[in-house]
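Novice: Can you read through this structure? Questions will come right after.
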Amino acid sequence: MYRYIAQRLLLLVVTLIGVATITFFLSRVLPGSPVEMMIGFHPTAEQIAAAKKELGLDQPLHRQYVRFVSEAIRGDFGISLRTKQPVVEEIGRRSLATIELTLLTTLLLVVVGVPIGVISAVHSNSPVDHTVRTLSIAGVAFPVFIVGMLLQMLFYGKLGWLPLQGRLSSEVYLDHPFDRVTGMFLIDTLLARDYVAFRDAAAHIVLPLATLTLVTLPLVTRITRNLMMEVLQEDYVRTALAYGMPRRVVYYRYALKAMLIPLMTVVGLTLGFLLGGSVVVEFVFDWPGLGGYVARSIAASDFPAAVGVTLVLASAYLTVNLVVDLLYFVADPRLRRA
């Protein structure tokens, strides 16, 4: 097991080096000049030379790469050209907003998507199954920004039940300050026992949470259904049903347990995808997370911020995959003995 962990860690490091290399060279060849972002349009030759020297762009490309890698290892991604703040600090302030949104989405996917997939598999080719499959196809077909905008038009524009965007109302920010203990507003407001701020934070997260869940739920539901269909064909499941064991016990204790490892893989990959795949949702709902930050940074040619967020999201995705792989040993004792 320790050898396996060492191999996975080595693979993680090699993958991160590859991501850093590709990101670095893409940031140098893509259109847009960080010099213009830094000093504005129509600069003089002296201003351009001074900006290039400050950004290190006057050095040969291989030296720029070595400097970039050495600084990234230390966690230094430079200064954001757009906000004039250290990129690490910006990422630290915004990452917890993204984590709060993605963790809640993953929880909903497990609590809602897995049971729906099981029910669809158990009642295969029934009206329930056909309804689930039809809705799954429709959910995958709708682009995420369309779903978000439709929810905004309905629940904010038409019904007026939920706020349009943001993470907290400006009035609550001013009148109900609370300590940022974890950086997750739902938890921090409960710890502060500020229920007005909690209700406001909960109202603001509903629409982006619903959007991410609706566009990801069909994938989890279909995969769960397919896995469950395969397990239901196994001899021990059919034998247990033939002996008259309660169907609920067979389905949720034995069959669901048998598909635990592939289901863990799906949930882990979904969580990793959501960390980087929430860019559009955060941009639509002006959610102050990493997604909206990197989208605006790319649009403004803010290369230090875009590269920093890319490396952080890649590290998070690889870490989630590593944790899921290690959970295999907890879920299946046979792997530990092997």
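Just so you know, all these numbers are worked out from the coordinates, no wet-lab data involved. It should be emphasised that the depicted structure is a prediction, and the values quoted were computed from it without experimental measurement. Positions of Cβ are backbone-derived with ideal geometry, glycine not excepted, and every protein chain shown enters the neighbour counts.
Novice: Along the charge dipole of the chain, pointing to its positive end and built from +1/-1 on Cβ of Lys, Arg, Asp and Glu, which listed residue (Thr224, Leu271, Phe185) has its Cα farthest out?
Specialist: Projecting each Cα onto the dipole axis, the largest value belongs to Thr224.
Novice: Something else: Identify which of Tyr243, Tyr156, Tyr317 has the largest mean-square fluctuation in a Gaussian network model of the chain, with springs joining Cα atoms closer than 10 Å.
Specialist: Tyr243
Novice: Once label points are set 7 Å from the Cα along Cα→Cβ at both Arg296 and Ala242, what is their separation, rounded to one decimal in nm?
Specialist: With each label point 7 Å from Cα toward Cβ, the separation is 6.4 nm.
Novice: Round to a whole angstrom and tell me the spacing of the C-alpha centers of region 246-306 and region 112-178.
Specialist: Comparing the Cα centres of region 246-306 and region 112-178, I get a distance of 15 Å.
Novice: Can I ask one more? Kirkwood-based Rg over Rh for region 92-337 (C-alpha set), two decimals?
Specialist: Dividing the radius of gyration by the Kirkwood radius yields 1.03.
Novice: Can you give the FRET efficiency to the nearest 0.05 for Arg63 and Val140, using r as the Cβ-Cβ distance and R₀ = 35 Å? Display every interim value, and only then the final one.
Specialist: Values: r = 46 Å, r/R0 = 1.32.
Efficiency, rounded to the nearest 0.05: 0.15.
Novice: Using a Gaussian network model on the chain with a 10 Å cutoff between Cα atoms, which of Gly160, Gly292, Gly92 fluctuates the most?
Specialist: Of the options given, Gly160 has the highest mean-square fluctuation.
Novice: Given labels modelled 7 Å from the Cα in the Cβ direction, how far is it in nm from Phe329 to Ala202?
Specialist: Using points 7 Å along Cα→Cβ, the separation is 4.0 nm.
Novice: Quick check for me: using +1 on Lys/Arg Cβ and -1 on Asp/Glu Cβ, what's the dipole size of the chain about its Cα centre, in debye to the nearest 20?
Specialist: 1040
Novice: What is the extension gain from Lys257 to Asp129, computed as 0.36 nm multiplied by their sequence separation minus the C-alpha to C-alpha distance, in nm to one decimal?
Specialist: Full-extension gain reported as 43.9 nm.
Novice: Turning to a different aspect of this structure: Among all helices in the chain defined by DSSP H, which have a length of 27 Å or more along the axis from Cα atoms plus a Kyte-Doolittle mean of at least 1.0?
Specialist: 2-29, 195-232, 303-331
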